[in-house]
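Okay, so here's the structure we're looking at.
The values are calculated or read from the model by the stated rules, or taken from the named source; none is laboratory data. The structure displayed is predicted, hence computed values, not measured ones. All Cβ positions, even for glycine, are placed from backbone atoms using ideal geometry, and neighbour counts span all protein chains on display. Quick note on the areas: whole protein, heavy atoms, side chains included, nothing else; ligands and nucleic acids left out. Shrake-Rupley method; radii C 1.70, N 1.55, O 1.52, S 1.80 Å.
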Amino acid sequence: MNTRAILTGLALGLGLGVAASATGSPALLRAAEAVDPLGQVFLRAIQMVVIPLVAAIVFVGVGRIGNLRKLGRIGGLAVGFFWVTTLPAILIGMGVMRVGLSFTAPVAPPTDVAEIATEAPGVVDFLVNLVPRNPIQVAADGALLPLLIFMVLLAAATTTLPKEKQEILTSFADTVSEALIKLMNWVLWTAPVGVFGLAAPVTARTGMAMLQNLGVFILAVVVGLFIMKALILLPLVRFMGGMRAGRFIRGTVGTYTVGFSTTTSVGTLPMMLREAEKLGLSRSSYRLILPLAASINRPGSALFQGASLVFLASMYGVSLGPAPVAAAVLATFLAAMTVAPVPSASIVSLAPVLNVVGVPLAGLGILLGIDRVPDVFRSAANVIGHMAATTTVDAMTRRDEETTGPEEETEDG
């Protein structure tokens, strides 16, 4: 995906929209509205791929978690760490965005209010609707959260099958997800045109307030990521991992830098392995935890998605009551743990979260245009989350061995 081209498309769309809004020129307003179909086709293409992609990724991801029973205590503690840090990350993202939006002027919903589902189900109805009568029907209807619940249960059931049958299903799902990822990459290559078609009409209707709100969005996400590291990751490393924050920060500078520049956990894995060894962590621990973390641990993405939900709900005038927030947190938790390895995947996998609370998907195109700045920060936060998990779990397993004695000798060098 060409980030520069997407930024150019966003800049042109914002420029056309601002010019139309500021001048009130009928010709410019008609031009801004005329490019709207370009954005709508782009969104339809994303929706076409995202439902089967998310379903396949969730199936494979949960299948890997289920297999952790065979990997022993280290794998179980690692997944527990991922879960414990993902939930507060979502809540921090929602909190900082609520605070940030208090400093901005309200923006009129860019979609007709009649098209927005603002009536939220009650708590009981929400819980009942989590169990789909027909998984195929809910997929066709775009009700992604019940579909995700079904895929999680199906994947969990798959882990109880004989190994050869497990392998057939997980390999098939993995192959399907790879093909869908390739298709999503093709869709994202059209993002410059799609973002232009989405930004121009929205900005023409909202004016400069949209630009101000986008600036606040970026700042709130970056601040939230540093809050998460300061209040969640570093305290866990210090008090459960037994490592001083200064030593951990100095020992992970290379990891943070590579994660920041490459925006990929998998690409940062060689640096993480090197720095884990320099920190004196057990080889048997970090060789298991780091590849697992690179696959399913996304605290930075979870925070970004929580913040994005609040931002887009505010932009579209969707009220977030207790039941919608609970549903959104659950959907975000599942989405963040199974973010696909595609550019801007944290935005693409927001679809089920927005669907749960009735926020139109049109806002995803706007976020795609500005995603480069949040992406580098959340990717760096993700890899620091991987290192924090490895450091903490390694210390916990060492303490267990000191108490009960190691079952067998391992090489830690």
Worksheet item: Carbon and sulfur atoms: what percent of the 1.4 Å accessible area of the range 277-358 do they account for?
Response: 58 percent
Discussion item. Which of the three applies to the range 193-299, rounded, prolate or oblate, going by the alpha-carbon gyration tensor with a ≥ b ≥ c and a/c under 1.5 meaning rounded?
Written reply: prolate
Practice prompt. With all protein chains present, calculate the accessible area of PHE81 using a 1.4 Å probe and round the result to the nearest 10 Å².
Written response: 20 Å²
Item to complete: Assuming 0.692 mPa s and 37 °C, estimate D for the range 280-329 with Stokes-Einstein, Rh taken as the Kirkwood radius over Cα pairs, in µm²/s.
Response: 244 µm²/s
Fill in: Accessible solvent surface per residue of the range 206-337, calculated while the other protein chains remain in place, 1.4 angstrom probe, Å²
36 Å²
Item to complete: Name the shape class, rounded, prolate or oblate, that the alpha-carbon gyration tensor gives for the range 221-364, where a ≥ b ≥ c are the square roots of its eigenvalues, rounded holds for a/c under 1.5, and otherwise prolate holds if a/b is larger than b/c and oblate otherwise.
Response: prolate
Worksheet, complete the sentence: Using the Kirkwood formula on alpha carbons, the hydrodynamic radius of the range 186-226 in angstrom works out to 11.8 Å
Discussion item. What distance in nm separates the two pseudo spin-label positions at ASN134 and THR257, each 7 Å out from Cα along the beta-carbon direction?
Written reply: 5.8 nm
